[in-house]
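Visitor: Once you've had a glance at the structure underneath, I'll fire off some questions.
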């Protein structure tokens, strides 16, 4: 009965959360192969292409705090609709220009829009889903993003072959705008979902009242994302150093991607049934173990094993950062909190690849893999010693301001694995 109730609750979130989120991430997935080819056809060089492709990440980092503040003030639905429309217009416009400067600007808008959709939907789930179901809800959000990034590039490549670049960008833009349909009922009945509290609102309130929680959660996000992104750089580089062909390196990465897609339902179930740490500690321990195996790899066999171990670990962590952020978010500044945590996590996305590059240049790829493994180990220690169990399992209450529900008869205390 409890599982049927959980599934029913998740189904009610399909329209307002998962439809807009999938439309957003599917559109971004289409851009992965299409935009570089479009730039190449326009005669744009590698350096300028890299600048255009990286601009979306810059927009996401730069827009996260703003998106959190606007979600808090204007409401979740409004921010999501505006973000999806902004993304749709920006992506559709890409097919009508070859100007590097204009494409950089459009990509910055795509990044801002993507973070607006993500934060507004994350905030919605945080406020509408009980803590005992939150792990599965957030894992589904992470798993749907992985699926979109797997399907979107394939669809984008096919569309370019069939209808050309301009029409492909138009279709991608329309796909983003389609996500607005998920919020229309809420906009008609509740034009604003903003929450005003005594003592101010937004970023200032967050920093006055909840600096310690921001530091604990944000540092965890930074370390976790540094390890994840460092792995995505170290793995193909080690494959190349072993003399593997491009297709073999692609297969090496795909092993981990397949595990990601298969394991995200299990990740959510574990977080809700036993506690967040029961999923996160094994997940990031496996990530570190895989990186250690990668450092020792002298042939393709051990490299494939390392990729599989890291993929299993990453799959078990699906939705874990979303869930931890929701658990720790204060009720009086939920969206601003999630925005700041996103910025700190995205800083880890940048730091991980830089760490691999710096250590590899100084001491070789093996030591670079060990360095990222050390970051993963530090993340595990931080979760255990500083963050703790955030899902209310084993007698621990959520860290800040969330409303807990009965954990149920299956709740068990976390024991160090």
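Visitor: When you check residue 148 against the structure, is it in contact with a helix residue (DSSP H, G or I) (Cβ under 8 Å, 6 or more places away or on another chain), under 19 Å from residue 84 (Cβ atoms) and in the same structural domain as residue 75 (by TED's automatic domain parsing), yes or no?
Guide: Considered against the rule, which asks whether it is in contact with a helix residue (DSSP H, G or I) (Cβ under 8 Å, 6 or more places away or on another chain), under 19 Å from residue 84 (Cβ atoms) and in the same structural domain as residue 75 (by TED's automatic domain parsing), residue 148 comes out as yes.
Conditions tested, residue by residue: (1) within 30 Å of residue 270 (Cα to Cα); (2) in contact (Cβ under 8 Å) with a residue 24 or more places away in the chain; (3) crowded, with 24+ Cβ neighbours inside 10 Å; (4) not assigned by TED's automatic domain parsing to the domain that holds residue 16.
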site	(1), (2), (3), (4)
62	no, yes, no, no
67	no, yes, yes, no
76	yes, yes, yes, no
96	no, yes, no, no
132	yes, yes, no, no
136	yes, yes, yes, no
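Visitor: Applying the selection to the range 284-303, what residues are under 12 Å from residue 365 (Cα atoms) and either outside the structural domain of residue 367 (by TED's automatic domain parsing) or modelled with pLDDT of 90 or more (or both)?
Guide: 291, 292, 294, 295, 296, 297
The values are calculated or read from the model by the stated rules, or taken from the named source; none is laboratory data. Being a predicted model, the structure only gives us computed values, none of them experimental. Backbone-built Cβ (ideal geometry, glycine too); neighbour counts: all protein chains shown.
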